[in-house]
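Below is one structure, written out as structure tokens; comments come after it.
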Ligand SMILES: NC(=O)c1ccc[n+]([C@@H]2O[C@H](COP(=O)([O-])OP(=O)(O)OC[C@H]3O[C@@H](n4cnc5c(N)ncnc54)[C@H](O)[C@@H]3O)[C@@H](O)[C@H]2O)c1
């Protein structure tokens, strides 16, 4: 097992990439603390893992709320006495909107979940990882940071912030033996995709999906497991020399 006895906190674990990654990391021996703003969905994630013989506890957490995050950290330390991996994965999408029509509320909500949420998660675990002199922080950015699509400028900008945050924090924490990396998924077949699929000028979902598929050289959308395997690698000792990387899992879309 590639993550035997490791303790991993995963945000946005109630659905999509977070759920698939929770299941995979648990299969590889990790004790998973699965958190999400959607409590019933993240409870389902935990139940699936427990039924498969893995270790998982679920909790409510709004990543934009520092108190919620602290509660998750406290719960994890009480139960497992350490934090090996933090996967900041929760995110908020948007539909196609010309920038001049974007409300301040939408802009602030996207930045709060996609950027502030990651900052708060990192801020809470860094002192623990520094005292351990080990740890892995992983963030879900996006190909939107590398090759943005039009009409999604606030989302694209938020993911750009995630990549610079990742690279900067990797330098800051390297002396403490803490690695910081990100994954850049291309369009992934999750509930979130429905918002992006509507994110073309016509608003036709079937056409939107086809446009996304055609824009990916490998000819298909990513699956949640495609991303989960990249996260598993980055979380494992196999990536011991890898830090500050924002790994495109993109089927060639960013070339
Ligand atoms: N699906 C895609 O095409 C795609 C592409 C690139 C990047 N991403 C990124 O991948 C990540 C996961 O998205 P997904 O595709 O699995 O979507 P998803 O909708 O399946 O899952 C997102 C999860 O995040 C949770 N969440 C939302 N706001 C939260 C908050 N404030 N606090 C805690 N949890 C919250 C949701 O409840 C949901 O369970 C996001 O960061 C997203 O931006 C997705």
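The values are calculated or read from the model by the stated rules, or taken from the named source; none is laboratory data. Predicted model, so just to flag it, every value in this text is computed and none were measured. Neighbour counts run over all protein chains shown; Cβ positions are idealised from the backbone, glycine included.
Residue under question is residue 47, and the condition is that it be within 26 Å of residue 209 (Cβ to Cβ) and surrounded by fewer than 21 Cβ atoms within 10 Å (Cβ to Cβ); does it hold?
no
For residue 25, indicate whether it is more than 13 Å from the ligand (Cβ to nearest atom), closer than 23 Å to residue 169 by Cα, touching a residue at least 24 places away in the same chain (Cβ under 8 Å) and within 17 Å of the chain's Cα centre (by Cα).
On the way: more than 13 Å from the ligand (Cβ to nearest atom): yes; closer than 23 Å to residue 169 by Cα: no; touching a residue at least 24 places away in the same chain (Cβ under 8 Å): yes; within 17 Å of the chain's Cα centre (by Cα): yes.
Taking the combined requirement at face value, the residue does not satisfy it.
Please work out which residue is farthest from the ligand (Cβ to nearest atom), limiting yourself to region 29-39 and to residues that are closer than 23 Å to residue 132 by Cβ and surrounded by 17 or more Cβ atoms within 10 Å (Cβ to Cβ).
Residue satisfying both the conditions and the ranking: 31.
Inside region 40-65, can you point out the residues that are within 12 Å of the ligand (Cβ to nearest atom) and either closer than 20 Å to residue 135 by Cβ or in a loop (DSSP other than H, G, I, E, B) (or both)?
Hits for region 40-65 are 59, 61, 62, 63, 64, 65.
In this structure, is residue 228 surrounded by 15 or more Cβ atoms within 10 Å (Cβ to Cβ), in contact with a strand residue (DSSP E or B) (Cβ under 7 Å, 6 or more places away or on another chain) and in contact (Cβ under 8 Å) with a residue 12 or more places away in the chain? If you could, list the steps in order and put the result at the bottom.
On the way: surrounded by 15 or more Cβ atoms within 10 Å (Cβ to Cβ): yes; in contact with a strand residue (DSSP E or B) (Cβ under 7 Å, 6 or more places away or on another chain): no; in contact (Cβ under 8 Å) with a residue 12 or more places away in the chain: yes.
It is false that residue 228 is surrounded by 15 or more Cβ atoms within 10 Å (Cβ to Cβ), in contact with a strand residue (DSSP E or B) (Cβ under 7 Å, 6 or more places away or on another chain) and in contact (Cβ under 8 Å) with a residue 12 or more places away in the chain.
Filter region 8-28 down to the residues that are within 19 Å of residue 69 (Cα to Cα) and either surrounded by 21 or more Cβ atoms within 10 Å (Cβ to Cβ) or at pLDDT below 95 (or both) and list them by number.
If we filter region 8-28 for residues that are within 19 Å of residue 69 (Cα to Cα), which is where we start, we get 8-15, 18-19, 22.
Within region 8-28, 8, 9, 10, 11, 12, 13, 14, 18, 19, 22 qualify.
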